[in-house]
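Written below as structure tokens is the structure these notes are about.
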Amino acid sequence: MKLPLSWLKDYVDITESIDVLCKKMVDIGLEIEELVYLGENVTNVKVCQIVEIAQHPNAERLLCCKVDIGEQIIPIVTNDHHVQVGDKVPVALHGATLANGLQIKKGKMRGEESWGMFCGPEELGVTKDMYPNADVDGVLVLLPTAVVGEDIRKEVGIDDYILDVGITANRQDCNSVLGLAREVAVALGKECKEPDVSYTECQVPTRDLVTAEVQDFDVCPSYFMQGVVDVKIEKSPLWMTSRLAKVGLHGINNLVDITNYVLYEIGQPMHAFDQADVSDKTIIVRRAKDGETIVPLDGKEYTLTNEDLVIADKSRAVGLAGVMGGANSGIKDSTTCVLFESATFARGNIRRTSRRLGLRSDSAARFEKGIECATNILGLNRALHLVEQLGAGRVAKGAYCLGKMPETKTIVFEQSRIAKLLGITIEEQRIVSILQSLNIQTSIENGVVTCIVPPYRDDISRDCDIIEELIRVYGYDNISGTLMENSHITSGGKTSDDTLVDKAREVLNGMRYNECIFYPFGGKALFEKASLEPIDESAYIKLLNPIGEELSMMNRSLAPNMLQCASLNLSRKNSHLKLFEVGKVYLSDVLPLVELPEEQKRISICATDTTFDCFRDDVLQVLYAFCDKATLQRSAQSILHPGISADIVVDGEIVGFFGKIHPQIAENFNIETSCFYAELNFDLLKTKVRGAIKYQPIAKYPSITRDFAFVADEDVPAQGILDVFLALPLVEDAQLFDVYRGEQLCAGKKSLAISVVFRDLNKTLQDSDIEKQVAKALKNIQEKFGACLR
């Protein structure tokens, strides 16, 4: 909503600076989107009076003038031969800037000094709507009343600010100069003047000029019409066209300009019908007939449907209700009788019609936000006052008032509600004072607040709306921070789970892994690529309203999305991938869901172009961020290679798995290089987190290392043999360092080379100290795994 400051001052006595005004408006909830000073680009231009004109001695087309600028007489050279002695004209002095970007400097023209330049309308940025004779091509001759030496911006009306105010959808009452003036008056603590709506009716009844009826009050709740006779179509006065120009409208004639003026001043879209063009003197508000056509004021023909609302006479549509008037009933120079229409139309209906036809107008924009019945009456009365003020005609007697009439709303609530909602206490007198300034008649008796809401405030319907009005004027800055009941101040920070996840991220980032973020869902085709067998769709939680079929099922594993990502990157020649994701899987024992599913947080890790040992070490580094010890056992995960994979066991529970991707699944994803994958159950891992780390001094006594080579069946896990050694009291560490299969061994056999470190923290070990333990371990390995020393 564009708001000229000069227009606003008609309603509110504003003495504050523009900066203070804008701040006050923002403080009560009005958004100033832009502030434009019309004369910003016009500087050092004054009103001067020509006191002497002589022919330039060296140029036939130039004149040498002497002009009075109030302080002195200065020379000006011009090529405009229409100026005369005594004329008052704008003169740009040395250092002046003009609206067209021109900068003026004094100098000599063909040997004669010129201290500036006479200006035309274009250089000042004014039009004929803003100043008389501003459509001339040449120097602008000012009115005789212009004051010599005065800043030209004041004379031509560009010493004005335009505030572009953002209006929220619920405050349709602010879509006008009057509506914003009411708000500004509240912000500044001043009175808002009411517009003059007085007029005198003649003896010609409106009902003799037209018969009006509404066939569907659902889409036209209220409709008002009054006539004007003995109409005189003339040019509007300068004060009116100037204001319309500042909000972006051109002056047309007095009648049309009045409707536009009321639109911006009062916020009521209006239309003026030429009574001579209304068939049978009848106006009918009805729904259009399917296939009916109309040519609005834009000159284009539109085909309507039964959803559209029209203003019609007995034979045709003469206007598209709430959007645009018809070209067949508009005001012409020959018009002698006018019918003014002021109405409320259903906002949804206007919006649909306007959008379907692609026909936008200022009227439609306001009707879409809503117009109240009270505004209909005020707008019509203001228009009739302006008709009388401009001498544009005589107002007919009486008006058609169809549909509902303005109603006030009464809202009653406990005063304690204010403190409960705001958390602060406001003095009773202050409450009444603020609400009264908003034209909300308020009384408080025995702790009960009674408010009578003005009919133009459709956005206020409940006690919380009243309280919102109260606090925006009282000031949000006056609300002190308080805690909710039973709450307490916390130090903030991350949860323990977040801290553990960050720790895992830190470890993976340190090993140059990149984090990925995927959707928590996928589709049947993707999930089957990550499975050796067709998936059982009934085991997956399905979305009720999926983005698409390929994103319709919740994850049961993080592997499909991760392998899809790896495949995509490999296809783009990105090798040596190191990726990880912290995500969730969604599991439920009963489907369809009868309760919320189990959401397990997991960490998936993927690497390509690496080895099993290197990938295992990476995965264990992440694991050791949570706990100290873990054992490995053969994995049965179908997604992994059956002989190059392992489950991770902590305290007897499987907390994850890792290994090389199964060849068939690698083929499904078109992964041709070595690809390893791991998935850790974070929800289990966080229960295994080690306690406080205790310092252990470096051992003072040397260790003894013994290497053993065992011949065992192919299916014997190396970890089992390692666990036997690790169970011995003097064993510090045990590692597998070689696996041999060859001709020297029988079929189905393998050789496992294991290095075992023995140490006693209290003394230096002797061979005799470990022989009994070694013998015991060899016996246990023989009995448990059938493995013997090679």
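The values are calculated or read from the model by the stated rules, or taken from the named source; none is laboratory data. Computed from a prediction, not measured in an experiment: that's the story for all the values here. Positions of Cβ are backbone-derived with ideal geometry, glycine not excepted, and every protein chain shown enters the neighbour counts. Ligands, DNA and RNA are stripped out before the accessible areas are found, and what is left, the full protein with its side chains, is counted by its heavy atoms. Shrake-Rupley method; radii C 1.70, N 1.55, O 1.52, S 1.80 Å.
Write down the accessible area per residue of segment 496-688 in Å², having rolled a 1.4 Å probe over the full set of protein chains.
Per residue, segment 496-688 has 51 Å² of solvent-accessible surface.
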Practice problem: Please list, in chain and number order, the residues 5+ apart from GLU732 or on another chain whose amide H is under 5 Å from its amide H, with Hs placed from the backbone. | Solution: VAL757, PHE758, ARG759
Quiz item: Counting only DSSP beta bridges with both residues in the chain, what percent are antiparallel, rounded to the nearest 5?
Solution: 95
Quiz item: What number comes out for the charge environment of SER755, summing +1 per Lys or Arg and -1 per Asp or Glu over other residues with Cβ under 10 Å away?
Solution: -2
Quiz item: In terms of Cα to Cα distance under 23 Å, which lysines are near enough to LYS578, apart from those fewer than 8 places away along the same chain?
Solution: LYS503, LYS529, LYS601, LYS660
Exercise. If a/c stays under 1.5 just call it rounded; otherwise compare a/b with b/c (prolate if a/b is bigger, oblate if not). Do that for segment 1-148, with a ≥ b ≥ c from the square roots of the Cα gyration tensor eigenvalues.
Key: prolate
Quiz item: Between segment 448-526 and segment 698-775, how many Å separate their Cα centres?
Solution: 58
Quiz prompt | Cβ-based charge dipole, the chain, positive-most Cα from GLY319, GLN275, PHE710 | solution = PHE710
Quiz item: Considering the dipole of the chain built from charges on the beta carbon (Lys and Arg +1, Asp and Glu -1) around the Cα centre, which of LEU359, SER222, GLY493 is farthest to its positive end?
Solution: GLY493
Quiz item: About its Cα centre, what dipole magnitude does segment 496-688 give when the only charges are +1 on Lys and Arg Cβ and -1 on Asp and Glu Cβ, stated in debye to the nearest 20?
Solution: 460
Quiz item: What is the distance in Å between the Cα centres of segment 386-414 and segment 244-264?
Solution: 21
Quiz item: What is the Rg over Rh value, at two decimals, for segment 704-789, using alpha-carbon atoms and the Kirkwood definition of Rh?
Solution: 1.00
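Would you calculate a helix-derived [θ] at 222 nm for the chain, using -39,500 (n - 2.57) for each DSSP H run of n ≥ 4 and dividing by the full residue count, to the nearest 500?
Details: 22 runs with 210 residues, N = 790.
That calculation yields -7500 deg cm²/dmol at 222 nm.
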Quiz item: Scanning the chain for helices, which whole DSSP H stretches are 24 Å or more long along the axis (Cα) and average -1.0 or more by Kyte-Doolittle?
Solution: 373-390, 767-785
Quiz item: Counting Lys and Arg as +1 and Asp and Glu as -1, what is the net charge of the other residues whose Cβ lies under 13 Å from the Cβ of LEU640?
Solution: +1
Quiz item: Taking one equal scatterer on every alpha-carbon of the chain, how large is log10 of I(q)/I(0) by Debye at q = 0.05, 0.06, 0.09, 0.10 1/Å?
Solution: -0.58, -0.72, -0.98, -1.08
Quiz item: Once you sort the root eigenvalues of the Cα gyration tensor of segment 666-707 as a ≥ b ≥ c, which label holds: rounded (a/c under 1.5), prolate (a/b larger than b/c) or oblate (the other case)?
Solution: oblate
Quiz prompt | Table column - 3J(HN,Hα) (Hz), segment 595-601, Karplus curve with 6.51, -1.76, 1.60, x for Gly and Pro | solution = 8, 4, x, 7, 10, 9, 8
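First check a/c for segment 435-545, with a ≥ b ≥ c the square roots of the eigenvalues of its C-alpha gyration tensor; if it is under 1.5, answer rounded, and if not, answer prolate when a/b is larger than b/c or oblate otherwise.
Prolate, since a/c reaches 1.5 and a/b exceeds b/c.
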Quiz item: Cross-link list LYS128/LYS154; LYS2/LYS46; LYS24/LYS128: which exceed 23 angstrom alpha carbon to alpha carbon?
Solution: LYS2/LYS46; LYS24/LYS128
Quiz item: One-quarter of the Cα convex hull surface for segment 409-478, in nm²?
Solution: 4.1
Quiz prompt | Per-peptide average of other Cβ atoms within 10 Å, ordering 153-165, 1-13, 479-491 highest first | solution = 153-165, 1-13, 479-491
Exercise. State the Cα centre-to-centre distance between segment 557-571 and segment 159-191 in whole Å.
Key: 57
Exercise. Select from ASN670, GLN389, CYS516 the residue farthest towards the positive end of the dipole of the chain; place +1 on Cβ of Lys and Arg, -1 on Cβ of Asp and Glu, and compute about the Cα centre.
Key: ASN670
